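Here's the structure, in structure tokens; my notes come after.
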2 protein chains.
Amino acid sequence: MPRICFEDLEEGTVDTFGPRAITREEIIAYASEYDPQPMHLDEEAARHTMLGGLAASGWHTCSFLMRMMYDGYLKDSSAAGSPGVEETRWLKPVRPGTQLTLRRSILDKRVSRSRPGFGVVRFRWELLDEAGVTLTEVTCPILFGLREGGGQ
Amino acid sequence: MPRICFEDLEEGTVDTFGPRAITREEIIAYASEYDPQPMHLDEEAARHTMLGGLAASGWHTCSFLMRMMYDGYLKDSSAAGSPGVEETRWLKPVRPGTQLTLRRSILDKRVSRSRPGFGVVRFRWELLDEAGVTLTEVTCPILFGLREGGGQ
């Protein structure tokens with residue numbers, strides 16, 4: 001039986017996870033594989049772009065957020081997947097060496113009508129820098145099994 | 001001077017890129033790093049989940065789409081970044097070995113008022129399987145430099 005089920009996630013609560021540093025090596029490794037634009041690969045080239053210096057790919061910040069979420073609370077949960085993301089905002093560049101904190105806000109939740117034994121929890125996730133400034137913000141629903149419904 | 005600038009992207013056009021296969025190894029490598037949930041890592045464990053078998057992390061499908069986009073048309077363009085993603089839909093599981101085609105629709109475009117020399121192009125990207133079924137769909141604006149504006 002997983003530790004965190006639908007019933008344990010409370011609407012209106014705000015929690016933080018981390019911090020965890022995002023390194024230059026990680027930024028370049030992700031970019032080399034998935035998003036080899038100069039602003040994500042090379043400090044000198046990045047200086048002449050809109051980002052004004054090396055910064056993580058937006059999709060990398062989402063992937064990084066996913067991993068912090070997994071380690072923070074999905075790992076031992078009844079999470080069963082997501083139909084997609086409502087909105088993703090890449091507000092400010094994510095620089096190498098930044099200590100990122102994941103802030104999770106639970107917007108609302110409801111028992112699923114179409115999938116017995118499951119409920120949908122809508123989250124807002126933010127990656128914050130050391131000063132508490134939001135760099136990336138994602139709003140997304142996730143399906144969780146109910147403890148009492150056997151949906152997991 | 002980049003090959004593709006704001007002026008070259010025509011509202012209402014639809015183009016395809018690829019196909020490219022997504023491999024089991026890639027799915028597991030991404031999942032191990034960013035989203036180690038059982039349905040993205042292990043065939044046997046995945047069979048007992050909502051996905052009914054091994055499938056790529058949703059964030060992996062977005063990363064894969066990003067790379068197909070880069071190779072398809074961003075590489076030699078004046079693309080300067082994006083403020084975020086309007087909507088991401090993970091419609092169907094992306095299975096190992098699927099030959100994915102990227103379909104790009106240009107929804108609309110406008111010259112930027114706040115950033116002289118740039119324009120915003122709104123795209124819908126879809127990853128299609130061999131049968132032409134949409135598995136992942138992303139709606140997202142990207143800033144491009146104008147050929148005539150020097151914004152790159």
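Taken together, the values in this text are just the output of simple stated rules run on the coordinates, not laboratory data. All figures in this text were calculated on a predicted structure; none of them were measured in a lab. A quick note on method: Cβ atoms are made from the backbone with ideal geometry, for glycine too, and the neighbour counts reach across all protein chains shown.
For the reader, a short list of remarks on this structure follows.
- Principal-axis analysis of the Cα atoms of chain A puts helix A:24-34 at an angle of about 80° to the longest axis.
- Relative contact order of segment B:6-145: 30 percent, from C-alpha pairs under 8 Å at least 6 residues apart in sequence.
- Value in Å of the Kirkwood radius, where chain B supplies the Cα pairs that are averaged: 16.4 Å
- Counting only other chain Cβ atoms within 10 Å of each residue's Cβ, the peptide A:82-91 averages 6.
- Going from the fewest other Cβ atoms within 10 Å to the most, the residues A:Thr101, A:Thr16, B:Thr61 appear in the order A:Thr16, A:Thr101, B:Thr61.
- Across peptide B:53-66, the average count of Cβ atoms from other chains found within 10 Å of a residue's Cβ is 4.
- For segment A:107-148, the list of GluC sites (Glu not before Pro) that fall in a loop by DSSP and count at most 13 other C-beta atoms within 10 angstrom reads A:Glu130, A:Glu148.
- Taking θ as phi - 60° and the Karplus parameters 6.51, -1.76 and 1.60, the scalar couplings of segment A:108-122 work out to 6, 7, 7, 6, 6, 8, 7, 10, x, x, 10, x, 10, 10, 9 Hz in sequence order, x denoting glycine and proline.
- Sorted shortest first, the distances from the A:Ala21 label point to those of the same residue in the other copies are 4.0 nm; each point sits 7 Å from Cα along Cα-to-Cβ.
- Within-12-Å neighbourhood charge of A:Thr139 [Cβ basis; K, R +1; D, E -1]: -3
- Taking amide H atoms as placed 1.01 Å from N in the peptide plane, the amide H of B:Arg147 lies under 5 Å from those of B:Phe6, B:Glu7, each 5 or more residues away in sequence or on another chain.
- On the principal axes of its alpha-carbon atoms, the protein assembly as shown has extents of 63, 49, 32 Å, going from largest to smallest.
- Model label points for A:Thr134 and B:Arg24, set 7 angstrom from Cα along the Cα-to-Cβ axis, are 4.2 nm apart.
- Sparse packing (at most 15 other Cβ atoms within 10 Å of the Cβ) combined with a DSSP loop state is found for the following GluC sites (Glu not before Pro) in segment B:1-38: B:Glu10, B:Glu11.
- A:Val111, B:Val120, A:Val94 arranged by Cβ crowding within 10 Å, fewest neighbours leading: A:Val111, B:Val120, A:Val94
- Legend: calculated FRET efficiency, A:Thr16 to B:Glu10, from the Cβ-Cβ distance at R0 = 45 Å, rounded to 0.05, equals 0.50.
- Under the Debye formula (equal points on every Cα, no solvent term), log10 I(q)/I(0) of segment A:71-152 at q = 0.14 Å⁻¹: -0.55
- Calculated FRET value between A:Ile106 and A:Asp76, using beta carbons and R₀ = 25 Å, to 0.05: 0.90
- Computed extension gain for A:Met50 through A:Glu148, at 0.36 nm per residue and net of the alpha carbon distance, reaches 30.2 nm.
- Estimated 222 nm signal from helices in chain B, with DSSP H stretches of n ≥ 4 weighted -39500 (n - 2.57), rounded to 500: -5500 deg cm²/dmol
- Relative to the other identical copies, B:Met50 shows label-point distances of 3.4 nm, where the label point lies 7 Å from Cα along the Cβ direction and values run shortest first.
- Distances between copies at B:Lys75, taken between label points 7 Å from Cα along the C-beta direction, are 3.9 nm in increasing order.
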